[in-house]
Each structure stands twice: as structure tokens, then as C-alpha cells.
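Here's the structure, in C-alpha cells; my notes come after.
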Amino acid sequence: MLSSPFPTLFWLTDPEICRAISELERRGSIHEIQTMIEQSADLTDRLFQSHEEYARLRWSSITTEDQKVLEAASKRIESSSLSRMHDMMKHSGIAGSNVTAFLQTSNCTTLEKQKSSSHTLPTSAPPIKCLHAHYAHHRSTTNTRLALPFSSFTINPVGERVHELLAQEFPYLSL
């Protein structure tokens, strides 16, 4: 059984890109991107889809045996740490964003159910926690040759905007 899985699937390894993204965060880009996302229904929808795809990919990355253990634990009250691990591994999005909580405010547990219902998607997006995580996700799932279990991914609008900002503000980087 998993002792303590870490929810991050994709990492940035280039120190120059990491420093540039830290500078974007220092300049207030998280707030600017959050505002941009929330002003567009399409971008908000894409962000929710990206979070949900990330959660599905994370869940599929653990063994079937571990999935069963976590599913069983999530149904037992006395297994609170395993229950929290289950929720984190199965339902949290990029950088641990709890998209499930946002969707449950509309009495839906998944984006697919939300889209097929008469409800509208939430008007605000989950808070953006880390541009590094979003950019790593974007770079790892856009035009990828990786052997990932999904044939295509929604383009993460946060990572996409970070890429644009990096190209504009740090033209010396090899992106």
C-alpha cells in the first residue's frame, strides 16, 4: 500500500524557467491570470476540465490494489487519513486544487455530470495556487509524445498563459 503518495505528477526541471515563473508570481501574475480565467466561460471550463483530467491521470497512476484499499478506506469513518489520501489522489486537481468542492456547490461531483445537467458551471474557477505546477502540466500534456493513458488533453489555460508570458518577458529562455 502507498505510504505517502505525493500528488504532483509533472515537474519543471529547468532552473531558468523555474526562476522566471517565480518572477511572474512575484509580479502578481497569479491574480492577473485568475481574473482572465474568470472573465471567460471558455477558459473557466477548460480549467475545470484540466483539473479533472489531472485527477483522473493521478488516480490511474496508482495500482489497482492501492485504488481498492483507498476506495474501501474512504467508506470507513475510522480511516480518516486514508480517506483524505483517497480524496487527494482521486479528486484534487493541479497543485492540489479541490475542484470537487467547487462542483459540489452545484450538487454535481464531476464536470461530465455538470455539463449533462441543467445546472451551469460555477462562475468562478478554483484558486490558482502555483504557476509552476500549471506550466509543468501544460508542457507535459500539450503536443506530447508521452505514453499517457488519455489520447488527448484539454489545453490548460493557466499553463498556456504562463507560456505566453514567458515567451514575451523572458525571450532568452529555451521554451
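The values are calculated or read from the model by the stated rules, or taken from the named source; none is laboratory data. Remember, it's a predicted structure, so these values are computed and weren't measured experimentally. Here the Cβ positions follow ideal geometry from the backbone for every residue, glycine too, while neighbour counts run over all protein chains shown. Please note that ligands, DNA and RNA were not included when accessible areas were found on the heavy atoms of the full protein model with its side chains. Shrake-Rupley method; radii C 1.70, N 1.55, O 1.52, S 1.80 Å.
Any idea what diffusion coefficient segment 1-53 gets from Stokes-Einstein, in µm²/s, Kirkwood Rh on alpha carbon pairs, 10 °C, 1.306 mPa s? If you can, show how the numbers build up before the last one.
Details: Rh = 13.7 Å.
For the chosen part, D equals 116 µm²/s.
Whenever you get a sec, line up Y135, Y172 from highest to lowest accessible area (probe 1.4 Å, protein heavy atoms). Please report the intermediate quantities before stating the final value.
Details: Y135 0, Y172 150 Å².
So the residues, ranked largest to smallest area, are Y172, Y135.
Note the full-extension length gain between W11 and S40 as 0.36 nm times their separation in residues minus their Cα-Cα distance, in nm to one decimal. Could the numbers behind the result be given before it?
Numbers: separation 29, 0.36 × 29 = 10.44 nm, distance 2.76 nm.
Contour length minus the Cα-Cα distance gives 7.7 nm.
Name the residue farthest towards the positive end of the dipole of segment 21-77 from the options I37, A55, A73, assuming +1 on Cβ of Lys and Arg, -1 on Cβ of Asp and Glu, about the Cα centre.
The listed residue farthest towards the positive side: A73.
Below 14 Å, Cα to Cα, which aspartates and glutamates can K75 reach? Residues fewer than 8 away in the same chain don't count.
Straight-distance partners of K75: D87.
Tell me, what ³J(HN,Hα) does each residue in segment 155-164 have, in order and in whole Hz, if you take phi through Karplus 6.51 cos²θ - 1.76 cosθ + 1.60 with θ = phi - 60° and put x for Gly and Pro?
6, 5, x, 5, x, 4, 5, 4, 4, 4
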